[in-house]
1. Quick check for me: using +1 on Lys/Arg Cβ and -1 on Asp/Glu Cβ, what's the dipole size of the chain about its Cα centre, in debye to the nearest 20?
2. Please report the net charge: other residues with Cβ closer than 11 Å to the Cβ of residue 353, K and R +1, D and E -1.
3. Compute the FRET efficiency between residue 205 and residue 163 as 1/(1 + (r/R0)^6), taking r as their Cβ-Cβ distance and R0 = 25 Å, and round to the nearest 0.05.
4. Step through the table entries 159/292; 165/214; 446/525; 111/208; 68/451; 461/539, compare each Cα-Cα distance with 22 Å, and write down the pairs that go over it.
5. For the chain, what size does the Cα cloud have along each of its three principal axes, sorted from largest down, in whole Å?
6. With runs of 4+ DSSP H residues as the only contributors, calculate the mean residue ellipticity of the chain at 222 nm using -39,500 (n - 2.57) per run, divided by the residue total and rounded to the nearest 500.
7. Are there any helices in the chain, counted as whole DSSP H runs, that stretch 15 Å or more along their axis by Cα and score at least -0.5 on average by Kyte-Doolittle, and if so which?
8. Work out, step by step, the length gained on full extension between residue 355 and residue 460: first 0.36 nm times the residue separation, then minus their alpha carbon distance; give nm to one decimal.
Amino acid sequence: MNSKSPVNNTRIIAVCIILFVGFLFLFNTGKRDLWAPDEPRYAQVSKEMLDTGNFIVPHLNSAPYPDKPPLLFWLINLFSLPFGKITALSARLPSAFAGIGCCLAIFYLGKRLYRNTRIALLSAIFLATSSKFLWMSHRVAFDVLLTFFVTMAILCFYKGYTEQKNKGRYYILFYVFMALGVLTKGPVGFILPFLTILIYLILKRDTKILKETKPWLGGAIFVFIVFTWVYLASIYGGKEYTYQILFKQNAGRFASSFAHKRPFYYYFINFPVNFLPWSFFIPSIAIYLSSKQVRGRVQNILLPVIWFAVVFIFFSISSGKRDIYVLPLYPAAAMLTAWFINEFVEQFREKRFKIIGYYPCYLLGIIPLILGIFSPIVIYKLFPQYTSSTIPFVIILLLGGILMLQLVRHARIIPFLFTAIFVIFIVFSISTLNAIPILNQYKSAKEICDKVNSIMKSGDKLAMYSFFGDPYLFYTNRNYIEVIRNIDNLKQFMNSNERVFLFIQEKDFKEVSRSLEIPMFILGKDSVGHRDLLFVSNKDIQ
């Protein structure tokens with residue numbers, strides 16, 4: 001009976017992680033509409049995939065979409081089956097479940113790596129409550145799914161590396177998850193986990209173990225999974241699509257990006273902001289890692305350190321940069337933070353932790369107090385009509401901050417951490433009920449599209465002038481909207497004998513109205529994100 005208790009305890013903790021993280025990632029997930037720039041685009045590509053029956057070559061606005069491989073679009077369609085159509089909820093479910101899977105995976109990796117349940121549990125919770133990972137798990141995105149496959153590939157390798165039984169099975173899964181990562185977001189699905197493992201083995205002087213991973217069999221499975229789709233895509237998409245997906249969208253973005261160009265130091269600033277609140281411990285972790293006491297025990301943290309460094313350096317070298325690109329390093333960052341916290345808890349009386357341990361905790365306790373005091377003042381100045389909505393946040397932040405500072409003062413580090421986690425949990429949950437619906441009014445295109453759908457008939461022509469917006473395509477339930485780029489084509493379109501309809505930005509409408517005599521009757525108006533948008537027609541509605 002006693003021999004089974006650790007296994008049972010692990011399973012109970014794993015179930016608790018699933019319940020906690022599942023609620024955090026799934027609560028109210030479908031209540032807001034799809035927000036630009038990415039969410040409506042990926043939902044629309046999935047919709048066109050379903051409508052056309054072409055599951056090999058993704059399309060957007062009825063043209064091949066070579067920016068991303070198809071796995072996310074397949075999963076969105078799969079999760080949409082119970083709903084009968086693609087919805088905001090079904091489109092976000094792959095990210096939510098991938099996020100849950102990531103947290104569970106690093107719990108088991110932490111157990112295997114550190115032989116310490118506390119570190120494993122904290123790793124999972126720190127990952128789930130880090131600001132960017134939490135938010136991305138509520139969005140339609142490739143990056144949480146990619147992070148899941150990278151994490152699973154590393155977990156499967158490490159289990160094969162450290163276990164005596166079922167080595168072959170885990171090594172095969174290592175290759176399978178890398179292949180699925182490639183089908184999610186291209187070669188990085190292979191490069192990130194393989195480079196992490198390779199450097200790890202080189203530093204451990206154990207590269208001979210690569211032969212045990214059955215590279216011929218694993219490689220064959222990897223090639224079969226990836227190149228089956230590549231081959232079919234080259235047939236159905238043609239040479240141009242194949243060139244775009246294999247070279248321009250991957251090697252081209254890395255070497256000389258045509259979008260999202262950022263300086264090399266971008267992630268030095270961006271990552272700490274997005275890993276809040278746990279990024280307060282980053283300086284302390286760096287100091288502690290460089291200390292003499294840790295150098296002799298570096299083997300314990302070698303894997304997450306390499307994992308973090310590989311992803312960080314790879315995307316820092318890359319020409320194109322976005323904050324979501326480095327999401328695959330968040331599990332490693334969470335594990336390092338959990339390891340440091342465990343060291344702090346076990347040695348909190350030692351002199352070296354007086355600064356590197358306690359200072360971040362005090363800072364973490366002060367931040368809720370600052371937010372609780374100043375956020376209602378800022379909201380009152382900018383949006384006075386929403387001041388009353390800040391009351392629940394203020395109460396939670398002030399009470400949580402006071403309690404956290406008291407716990408740190410009495411060296412109650414674990415209760416302090418779980419109070420911080422509870423504050424994040426409650427504040428985020430309340431936000432999905434109060435703040436997100438308010439933001440939805442400004443960021444969603446659904447309202448004006450509903451008006452469009454109530455006015456237009458299925459066969460009526462609809463166009464956009466001088467821009468293309470994925471939300472308007474998705475929420476008008478169309479697979480194609482013409483994009484007019486110049487005045488002459490606009491004049492020809494609006495002078496049609498039949499009734500036609502147009503989305504046009506208000507600034508463009510004023511310019512066109514002053515310079516040309518084009519019949520334009522305003523049927524609707526809305527502000528969506530940064531655009532003041534008009535819905536017009538060449539004939540008035542009688």
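1. So the dipole magnitude of the chain works out to roughly 2020 debye.
2. Its environment carries a net charge of +1.
3. About 0.75, to the nearest 0.05.
4. 159/292; 111/208; 68/451
5. 81, 61, 47
6. After summing the helix terms and dividing by residue count, I get -20500 deg cm²/dmol.
7. For the chain, where a helix must reach 15 Å along its axis and average at least -0.5, the hits are 5-26, 88-114, 117-129, 143-162, 167-185, 188-203, 215-243, 302-317, 330-346, 358-382, 391-409, 413-433.
8. 31.0 nm
Since every read-out is calculated from the coordinates, none of them should be taken as a lab result. In this text the structure is predicted, and so the values were computed from the model without any measurement. Every residue, glycine among them, receives a Cβ derived from its backbone with ideal geometry; neighbour counts consider all protein chains shown.
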